[in-house]
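Visitor: I'd like to ask some things about the structure below.
A short reminder: the numbers here are calculations on the coordinates, not readings from a lab. Worth saying up front: this structure is predicted, and the values here are computed from it rather than measured. Heads up, the Cβs are rebuilt from the backbone with ideal geometry, glycines too, and the neighbour counts pull from every protein chain shown.
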Amino acid sequence: MKQPGAQARLKKYVLRQSLCTGCGACVGMCPYQVIYKDRTVQLFDCDLPEGRCYTFCPRTPTDYNALEKTLFDPRDLTDELGPVRGFFLARAADAGLRLRAQHGGTVTALLGLAMAEGLIDTALVSGRNDEGEPQGTLVADKGELAGYAKSRFIVSPTVAAFNRIDAKDREKTGIVATPCQAQALAKIRTAVIDGCSQAQSVGLVIGLFCGWTLAAEKFRGLLERFFIPFADLDAMDIPPGFNMLELRSSEKTLLMPLDEVDEYVRGACRYCVDSTAQFADVSVGAARCGMDPGEMRGWNQVIVRSLRGEKLIELARQKGALEIREAPAGALRELKEAAAEKKRQGLENIVAKSGSKKNLLYLKNYGPAAGKRENR
Amino acid sequence: MNKLLSPDKSTVLFLGNEAIARGALEAGLAVATGYPGTPSSEVIESLAGVAARRNLYVEWSVNEKVALEVAAAASFSGLRAMAVMKQNGVNVASDFLLHLIASGTRGGLVLVSCEDPGALSSVNEGESRYFARMLEMPLLEPADFQEAKDLTKWAFELSEEIRNVVMLRSVTRMSHASGNVVCAKLPTKSRRAKFEYDGPVMDSQTGPMISTPVVAKHRLHQEKLKTVEALFEKSPFNRYSGPAKPKLLVVTSSVCFLYVREALSMLGLERDVGILKLATTWPLPPRLLERNLQRAEKILVVEEVLPFLEENVKVLASAMAGRIGVKTFFGKYDGTLPAAGELNPDIVARAIGGIMKVKPKTPPASYLAEVKKAAALIPAREQTFCAGCPHRASFWNIRRAIALDGREGFVCGDIGCYSMAALSPATGYNTMPTLHSMGSGTGLAGGFAKLSAFGLDKPVMAVCGDSTFYHAVIPALINAQHNRADITFIVLDNAGTAMTGFQPHPGLPVSALKETVPAVDIACVCRGIGAKVAVADPFDIDGTSKILTDYLAEKGSVKVLILRQACALSPEKKGKKTFNVRVNEELCLGDACGCNRLCTRVFRCPALTWDSARKKAVVDEVICAGCGVCVSICPQNAIVKAQGNM
């Protein structure tokens, strides 16, 4: 019997398994697949044996350990956090920007700097379409960046927008990516398919820490019960010290216990083992430890992963774009523990789904057998 | 001069359906009605062409039941009238027919059913001959083109003799084949219409036209059937040919008579086998049968589809077995002939050869080898929509909407060119899993939509064509709206009864007689029902897709989308191109990842062809109708269009 084609395998092993993260990696390259209302939809059947959709997907079988070794300095690799060349706290030096940002405004400040210094021409960030649904949005004007600074805990199909960028412009595009999107971009950088895809250059990737995202359509229904139109939702956050999700619109702020949020979490996020965007050049998250909550809210934790990331941070120091301070004692350990816990839960859920400790679904050669590493 | 008006004694090559029309004219027809349906449509079309000269009223009615009602009104008023339909049209007309036979008729009234054994242009192999027996209606079946004319003419006389409706049945190979017919005189006088109803209730000529008192009128009708039997005994249209004592007697009717003659000639058995050709197949004339069944011990009944004639002959033979002896019957019941599909001379020759232990002559091996070679040259063709067909664009939109919605919605199909979406699923992008009779798609959709409480929670759609909408969809649509069935109902309005040859329908401002008549607007009808209505152009892929996707997501009752775009073969479009379309080969991705031949592999317009050597799509400009839809589906913008000649 004929081996099912790439698109059929994507459907069987990812979409039907509820492993789709909605990252958009399989979309934007052909007429067969689109993202519609947060779902990856196969409009028509494609019968190619191999295709970019299957190859780029972060949830098709991948040896992420090997990929890390290819893309990063093996000496930087850690079990819990992937490559770590540097770790510190940071916030945008521009206080105005910080006010409009999720936490410290570090991501926006770094993109702005990269743009000002000509490292990138365009930033690819999470925006919204006319219906208020998230979509990858290209921003070429530094002044507009702050408008995209808030987080909404919903994956935008950013990689689909990346797929639509002309190959020649990709090197000069800075991308803000969730862990799954950073994984997809890492696969795009390295994937080779006979006769159709070569390893492609990908510009600067700024990763976001991510514990889970929400299933957008389900969550939209919930918001409507609270009379918050989805399009009016300005930001979400989990303030340190509370087990609550904070929802902010221009009209009101709501707090929802995380236990209640749980059922709105995207199913695919339960099978994720990367909470710190291990495949980014620089990863940024909220500061969570070592200070009083009020103060922490204004700061980011930053992991520098690649040489390219290191250069950007160096530039930020020189140009004064960021205020940088050493992370408090124990912060790295706490972050590692949190990341290891996410991995443990993810693996547990994967094994529960596959029914076997030997079948880790999309994770090839994963786990202790894949080789111990020195912790830094 | 229109050949239908050829002079007395002239010999004219007539299509079977034209011969029927000529027969009706010779009988002094005044009113002809029908609903288009292959293979019947040419009867009404050819009569419409001479309506002005012959002072006829001819109409394409909304459906077959109404057609028969309109024709019956003429009969009630003393005029000769005819209602014409295809086999399943008789089903539609049958409720009225049951009551009509009970009330009786006045002026000669003939129901013409042109049937389609083998379902060459049908989605059924319906048999209306059983209606003759079930409803007790005389049945006539012509066996050649001269008979098609002469029997039709006689049918009117018979109808007036018994004051009831007579059915004339033809089949595709009679209706759509041609043969020489010697014409008789066309009458010069015409009747005046007069409707009387003041007489006694039991007097069908002056009393009210009603079916009651039922039992009394039923008895009266059965007595009249005795008259029919007596007339059938003497009918010159029933003939025996062959030796006085044949080794095998073949009883047959209709075009099967021609097949039998050809089969006997192929087998060289003309001197051994006799043929009883019957034109009056219900009720059968018993004495005629008795005389002929006596001739042989073995009887073969040759007819198409169901064993109607066989059953009736056997019933008579068993009653007269004491006089004619016990016969051995061959036919459908013993499997000598198939009870499904068309017959042809080869099948009949095999059947007769089997009984007579004679092998049909086979062509020489060299001939068969040549045939095999020639057959290999015939390109494989699938059933598909024509180039530029609006239905392709409509189903493309439907497929997209179903996929985007994500709940595995489906379409209930209906009768028209768009039936192809069910007959050849890839043509309808695998969206249409049901197909039954006219209007049934909407009825079924309304039913599926009520099953969510039982766990069937998929969006349900129905499609129908513009002509089908008027024919039988409206009651189903009202039912869905009234019972709050949440359906998306799509009218594929291609501005005519396209499949049968662009006959007008109530949505168009023109009649069968080319008069200007009021058009009944589908959108207004739907709004009148209370349904939500939108109108779009299926060639506008984005606009149509958006409406459909919104409809599927929207909870409610009946949501109507009328997709308006004229058929690519319609007279106003034929030979003209809105756009000249070509492929920019530099941009064409071909079968690479990113396209994988979307236009030739999935969209599959016959004008888009795949050059497998150069791995590029090519527009066949001879076939291309210039609709330009493929331009909007190409992911590479490699299909480009320029203004055409329309």
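Visitor: Report the GluC sites (Glu not before Pro) located in region A:175-258 that are in a DSSP loop and have at most 14 other Cβ atoms inside 10 Å of their Cβ, or state none.
Guide: Qualifying residues, ordered by number: A:GLU251.
Visitor: Please give the FRET efficiency for B:ALA519 paired with B:MET1, using the beta carbon to beta carbon distance and R0 = 30 Å, rounded to the nearest 0.05.
Guide: That pair, B:ALA519 with B:MET1, gives E of 0.35.
Visitor: Still on this model: Binning at 20 Å from 0, report for chain B what percent of all alpha-carbon pair distances ends up in each bin.
Guide: Using 20 Å bins, I get a P(r) of 17, 43, 33, 7, 0 for chain B.
Visitor: Moving on. Report, to two decimal places, the Cα Rg of region B:348-431 normalised by 2.2 N^0.38 Å (N = number of residues).
Guide: For region B:348-431, the normalised Cα radius of gyration comes out at 1.88.
Visitor: In nm, what is the difference between 0.36 nm times the number of residues separating B:GLU262 and B:ARG527 and their Cα-Cα distance?
Guide: Gain on extension, B:GLU262 to B:ARG527, equals 89.6 nm.
Visitor: With every atom except the alpha carbons ignored, what do you get for Rg and Dmax of the protein assembly as shown, in angstroms?
Guide: 38.7, 122
Visitor: Could you give the nm distance between label points at A:GLU144 and B:GLU157, where each point is 7 Å from its Cα heading toward the beta carbon?
Guide: 8.9
Visitor: Scan chain B and note any complete DSSP helix (H) whose C-alpha atoms cover at least 27 Å along its axis and whose Kyte-Doolittle average is -1.0 or more.
Guide: TM-like helix candidates: B:214-233.
Visitor: For the protein assembly as shown, build the charge dipole from Cβ charges (+1 Lys, Arg; -1 Asp, Glu) around the Cα centre, then report which of B:LEU513, A:MET244, B:GLY118 sits farthest towards its positive end.
Guide: With unit charges placed on the Cβ atoms, the residue in question is B:GLY118.
Visitor: Let me ask another. Can you tell me the mean projection area, over all orientations, of the convex hull of region B:239-356's alpha carbons? Units nm², please.
Guide: So the mean shadow area of the Cα hull is 6.2 nm².
Visitor: With no solvent and one point per C-alpha, what does the Debye sum give as log10 I(q)/I(0) for chain A at q = 0.11 Å⁻¹?
Guide: After summing over all Cα pairs, the log10 values are -0.74.
Visitor: With unit charges on the beta carbon (Lys/Arg positive, Asp/Glu negative), name the residue among A:PRO134, A:ILE228, A:VAL202 whose Cα is farthest towards the positive pole of the charge dipole of chain A.
Guide: Value: A:VAL202.
Visitor: To make sure I understand, if each residue's beta carbon is the centre and we count other beta carbons within 10 Å, what order do B:CYS524, B:CYS593, A:CYS180 fall in, fewest to most?
Guide: Ascending Cβ contact count within 10 Å gives the list B:CYS524, B:CYS593, A:CYS180.
Visitor: Note down the magnitude of the dipole of region B:390-564 about its Cα centre, charges +1 on Lys and Arg C-beta and -1 on Asp and Glu C-beta and zero elsewhere, to the nearest 20 debye.
Guide: For this selection, approximately 240 debye.
Visitor: For peptide A:28-41, compute the average count of partner chain beta-carbon atoms within 10 Å of each residue's beta-carbon.
Guide: 4
Visitor: Could I ask something else about it? For labels at A:ARG325 and A:GLU117 in the simple 7 Å Cα→Cβ model, what's the distance in nm?
Guide: About 2.3 nm separates the two model spin labels.
Visitor: Rounded to a whole number, what is D in µm²/s for region B:579-643 from Stokes-Einstein with the Kirkwood radius over alpha-carbon pairs (20 °C, 1.002 mPa s)?
Guide: Once the numbers are plugged in, D ends up at 188 µm²/s.
Visitor: Next up: Which lysines have a Cα less than 19 Å from the Cα of A:LYS319, not counting those fewer than 8 places away in the same chain?
Guide: A:LYS142, A:LYS311
Visitor: On alpha-carbon atoms, Rg over Rh for region A:70-118 using Kirkwood Rh?
Guide: When Rh is taken as the Kirkwood radius, the ratio is 1.12.
Visitor: With the cut-off at 1.5 for a/c, could you classify region B:111-215 from its C-alpha gyration tensor as rounded, prolate or oblate?
Guide: oblate
Visitor: To the nearest 20 Debye, how big is the dipole of chain B about its Cα centre, given +1 on the beta carbon of each Lys and Arg and -1 on that of each Asp and Glu?
Guide: Computed charge dipole of chain B: roughly 1020 debye.
Visitor: At A:LEU99 and A:GLU260, where each label point lies 7 Å from the Cα along Cα→Cβ, what is the point-to-point distance in nanometres?
Guide: That separation, rounded to one decimal, is 3.2 nm.
Visitor: Using the per-residue mean of other Cβ atoms lying within 10 Å as a proxy for protection, in what order, highest first, do the peptides B:425-436, B:397-408 fall?
Guide: Highest to lowest by the protection proxy: B:397-408, B:425-436.
Visitor: Placing +1 at every Lys and Arg Cβ and -1 at every Asp and Glu Cβ, with all other atoms neutral, what dipole size does the protein assembly as shown have around its Cα centre, in debye to the nearest 20?
Guide: 1920
Visitor: Could you point to the residue in B:VAL43, B:ALA566, A:TYR271 farthest towards the positive end of the protein assembly as shown's charge dipole, with +1 and -1 charges on the Cβ of Lys/Arg and Asp/Glu respectively?
Guide: Checking the options against the dipole of the protein assembly as shown, the answer is B:VAL43.
Visitor: Separate question: With r defined as the distance between the Cβ atoms of B:ASP95 and B:ARG192 and R0 fixed at 22 Å, what FRET efficiency is calculated, to the nearest 0.05?
Guide: Here the calculated transfer efficiency is 0.10.
Visitor: Continuing with the same structure: If you find the alpha carbon centre of region B:129-183 and of region A:1-71, how far apart are they in angstrom?
Guide: 64
Visitor: A further question follows. Rounded to the nearest 500 deg cm²/dmol, what is the calculated helix-only ellipticity per residue at 222 nm for chain A, with -39500 (n - 2.57) per DSSP H run of length n ≥ 4?
Guide: Value at 222 nm, helices only: -8500 deg cm²/dmol.
Visitor: Based on alpha-carbon centroids, what's the gap between region B:209-230 and region B:237-255 in Å, whole number please?
Guide: For region B:209-230 versus region B:237-255, the Cα centre distance is 32 Å.
Visitor: Calculate, for B:SER612 and B:ARG381, the FRET efficiency according to 1/(1 + (r/R0)^6) with r their C-beta to C-beta distance and R0 22 Å; round to the nearest 0.05.
Guide: Step by step, r from the Cβ atoms, then E = 0.80.
Visitor: Partner chain Cβ atoms within 10 Å, averaged over the residues of B:591-601 - can you pull that number for me?
Guide: Mean partner shielding for this stretch: 6.
Visitor: Within 10 Å, count the other beta carbons around each residue, average over each peptide in B:20-28, B:175-183, B:461-469, and list them highest first.
Guide: B:461-469, B:20-28, B:175-183
Visitor: Using a cut-off of 26 Å between alpha-carbon atoms, which lysines can reach B:LYS641, once sequence neighbours fewer than 8 places away in the same chain are excluded?
Guide: List returned: B:LYS546, B:LYS573, B:LYS574, B:LYS576, B:LYS577, B:LYS615, B:LYS616.
Visitor: What is the P(r) of region A:216-264, as percent of Cα-Cα pairs per 5 Å bin from 0?
Guide: Using 5 Å bins, I get a P(r) of 5, 21, 33, 27, 12, 2 for region A:216-264.
Visitor: Continuing with the same structure: Report the dimensions of region B:297-355 along its three principal axes from the alpha-carbon atoms, largest first, rounded to Å.
Guide: Largest to smallest, the principal-axis extents are 35, 21, 15 Å.
Visitor: For B:LYS189, list the aspartates and glutamates whose Cα falls under 12 Å from its own Cα; do not include residues on the same chain fewer than 8 positions away.
Guide: B:GLU26
Visitor: Roughly speaking, what is the stretch gain from B:LEU423 to B:VAL371, that is 0.36 nm per residue apart minus the C-alpha to C-alpha distance, in nm to one decimal?
Guide: 15.8 nm
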